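Report on the structure given below.
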Amino acid sequence: MDTEPSWDFYRSFLTVLRQGSLSAAARELGLTQPTIGRHIDALEQAVGAELFTRSSNGLLPTDMALDLKPYAETLATTADAFLRTASSRRDKVEGTVRISASEVIGIEVLPPIIADLQEAYPGLQVELSASDALEDLMNREADIAVRMTEPQQDVLLARRIGDIPLGFHAHRRYLERHGTPQTMADLTGHRIIGFDRQTAYIRMMRKLYPAVDELAAAFRTSNHLAHLAAIRAGIGIGICQTGLARPNHDLVHILSDEFEMRLGTWVVMHESLRTSPRCRVTFDALVDGLLSYIKSCRGNARLMTR
């Protein structure tokens, strides 16, 4: 490589990889298609290799492009973290903060917390990554994370929130048709909502609760949101956070005396962000909001089992 390519070329290259065409990448970046094309041509000249081939389905990446993809993604992540840091002013709560959380927490629990946070701090912009994949706080893929595993790195500032309770739930409509199980043994006669893939969470659950592992599932999904939706739809009996049943009075917590799981929960950020006003207030808001959520889970469980 004789010359150092512009950073814009890397961004255009990664966007074409993700979108599959020059036109789609141009729309994503707010540029013209010829501009994207010139960026790709210049990058190919710089690396001395073809990066894309044309096909009826759009642009296909070459082996060289696929080899370069993780490095372009690292550049993009670093650039995003750079801009988020630059957007934060030292003495004001403003700028962008990126939060990482599981799909269920990110979609079902955090939005009201974030709404209150942004009402209090109108200059704060929030990016929410709702995914069960862990984002790397050490490399600033996210500023703050809500995690169900205790962080081990010393440079991470972590606050343990407590345990989120989970239990067996079913829709009243399903129970009216098929009856309510009174013991764990009764579950064998019911439609169980289970999992179709082994994840770390599922392996842990099966190890701690072998009785669950022995149940034959009539509906399987490894997506926790789909699992929750199946319970709400009345497909059968499944496991979900007790607090998520609260808004829906038709969801019934069953076998609460025989079965309960608990998910340890932490709010985590890099200690270097401790003095950042935007990160500090967001961290505190997540802690307070999740503490209230866990408290409501416990109260809700007592109410539903009376």
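Please name all residue pairs, on different chains or six or more residues apart, with Cβ atoms under 6 Å, provided the first residue is in the stretch 197-225 and is more than 19 Å from Ala185 (Cβ to Cβ) and the second residue is in a helix (DSSP H, G or I) and at pLDDT 75 or above.
If the second residue must be in a helix (DSSP H, G or I) and at pLDDT 75 or above, the pairs left are Phe219/Ala230; Thr221/His227; His224/Glu103; His224/Val104; Leu225/Glu103.
May I ask you to list the residues in the stretch 135-157 that are buried (at least 16 other Cβ atoms within 10 Å of the Cβ) and either small (Gly, Ala, Ser) or within 16 Å of Trp266 (Cα to Cα) (or both)? Before you say what the answer is, go through the steps one by one.
Step one: filter the stretch 135-157 for residues buried (at least 16 other Cβ atoms within 10 Å of the Cβ), giving 135, 137, 140-148, 151, 156-157.
Answer for the stretch 135-157, where residues must be buried (at least 16 other Cβ atoms within 10 Å of the Cβ) and either small (Gly, Ala, Ser) or within 16 Å of Trp266 (Cα to Cα) (or both): Glu135, Leu137, Ala142, Asp143, Ile144, Ala145, Val146, Arg147, Met148, Pro151, Leu156, Leu157.
Check Tyr71 against each of (1) among the hydroxyl-bearing types (Ser, Thr, Tyr); (2) over 30 Å from the mean Cα position of the chain (by Cα); (3) in a helix (DSSP H, G or I) and name the one condition it does not meet.
Exception for Tyr71: condition (2).
Can you tell me how many residues in the stretch 265-290 are within 23 Å of Asp132 (Cα to Cα) and either assigned to a strand (DSSP E or B) or of a type in the set (A, V, I, L, M, F, W, C) (or both)?
Of the residues in the stretch 265-290, 12 are within 23 Å of Asp132 (Cα to Cα) and either assigned to a strand (DSSP E or B) or of a type in the set (A, V, I, L, M, F, W, C) (or both).
Could you please tell me which pairs satisfy a Cβ distance under 8 Å, a separation of 6+ or placement on different chains, a first residue in the stretch 271-291 that is over 18 Å from Tyr121 (Cα atoms), and a second residue that is among the aliphatic types (A, V, I, L, M) and part of a helix (DSSP H, G or I)?
These pairs meet every condition: Leu290/Val109; Leu290/Ile113.
Kindly indicate which of Arg302, Arg232 is at pLDDT below 90, open to solvent by 20 Å² or more (accessible area, probe 1.4 Å) and not acidic (Asp, Glu).
Numbers: Arg232 fails: at pLDDT below 90.
None of the others qualify; the one that does is Arg302.
Restricting to the stretch 51-65, name every residue that is open to solvent by 30 Å² or more (accessible area, probe 1.4 Å), closer than 16 Å to Ala25 by Cα and outside any strand (DSSP E or B). Don't jump to the end; show me each part of the working.
Looking only at the stretch 51-65, we keep the residues that are open to solvent by 30 Å² or more (accessible area, probe 1.4 Å), and these are 53-57, 60-61, 63-64.
Remaining after also requiring closer than 16 Å to Ala25 by Cα: 53-54, 57, 60-61.
Matches in the stretch 51-65: Asn57 only.
Quickly run through the stretch 116-130 and pick out the residues that are within 22 Å of Thr149 (Cβ to Cβ) and open to solvent by less than 40 Å² (accessible area, probe 1.4 Å).
Ser129, Ala130 - these are the residues of the stretch 116-130 that are within 22 Å of Thr149 (Cβ to Cβ) and open to solvent by less than 40 Å² (accessible area, probe 1.4 Å).
On the given criteria, is Pro70 surrounded by 14 or more Cβ atoms within 10 Å (Cβ to Cβ) and within 25 Å of Glu141 (Cβ to Cβ)?
On the way: surrounded by 14 or more Cβ atoms within 10 Å (Cβ to Cβ): no; within 25 Å of Glu141 (Cβ to Cβ): yes.
No, not satisfied.
Got a sec? Which of His178, His190, His227 is at pLDDT 90 or above and within 25 Å of the chain's Cα centre (by Cα)? Outline the logic, then answer.
Details: His178 fails: within 25 Å of the chain's Cα centre (by Cα); His190 fails: within 25 Å of the chain's Cα centre (by Cα).
Result of the check over His178, His190, His227: His227.
Any idea which residue in the stretch 91-115 is surrounded by the most Cβ atoms within 10 Å (Cβ to Cβ), counting only those that are in a loop (DSSP other than H, G, I, E, B) and touching a Gly at 6+ places or on another chain (Cβ under 7 Å)? I'd like the intermediate steps shown before the answer.
Applying the first criterion (in a loop (DSSP other than H, G, I, E, B)) to the stretch 91-115 yields 91-94, 102.
Then keep just the ones that are touching a Gly at 6+ places or on another chain (Cβ under 7 Å); that gives 92-94.
Numbers: Lys92: 12, Val93: 20, Glu94: 15.
That would be Val93.
So Arg84 ticks every box in (1) of a type in the set (Lys, Arg); (2) in contact (Cβ under 8 Å) with a residue 12 or more places away in the chain; (3) open to solvent by 50 Å² or more (accessible area, probe 1.4 Å) but one. Which box is left unticked?
In the conditions (1) of a type in the set (Lys, Arg); (2) in contact (Cβ under 8 Å) with a residue 12 or more places away in the chain; (3) open to solvent by 50 Å² or more (accessible area, probe 1.4 Å), Arg84 misses (3) alone.
Give Asp80, Asp67 a once-over and let me know the one that is among the acidic types (Asp, Glu) and more than 15 Å from Ile144 (Cβ to Cβ).
Details: Asp80 fails: more than 15 Å from Ile144 (Cβ to Cβ).
Asp67 is the lone residue from the list that is among the acidic types (Asp, Glu) and more than 15 Å from Ile144 (Cβ to Cβ).
Which of the residues spanning the stretch 250-286 are buried (at least 19 other Cβ atoms within 10 Å of the Cβ) and basic (Lys, Arg)?
Arg278
The values are calculated or read from the model by the stated rules, or taken from the named source; none is laboratory data. In this text, all values refer to a predicted model and were calculated from it rather than measured experimentally. Cβ: placed from backbone, ideal geometry, glycine included. Neighbour counts: every protein chain shown. Surface accessibility is based on the protein's heavy atoms, side chains included, excluding ligands, DNA and RNA. Shrake-Rupley method; radii C 1.70, N 1.55, O 1.52, S 1.80 Å.
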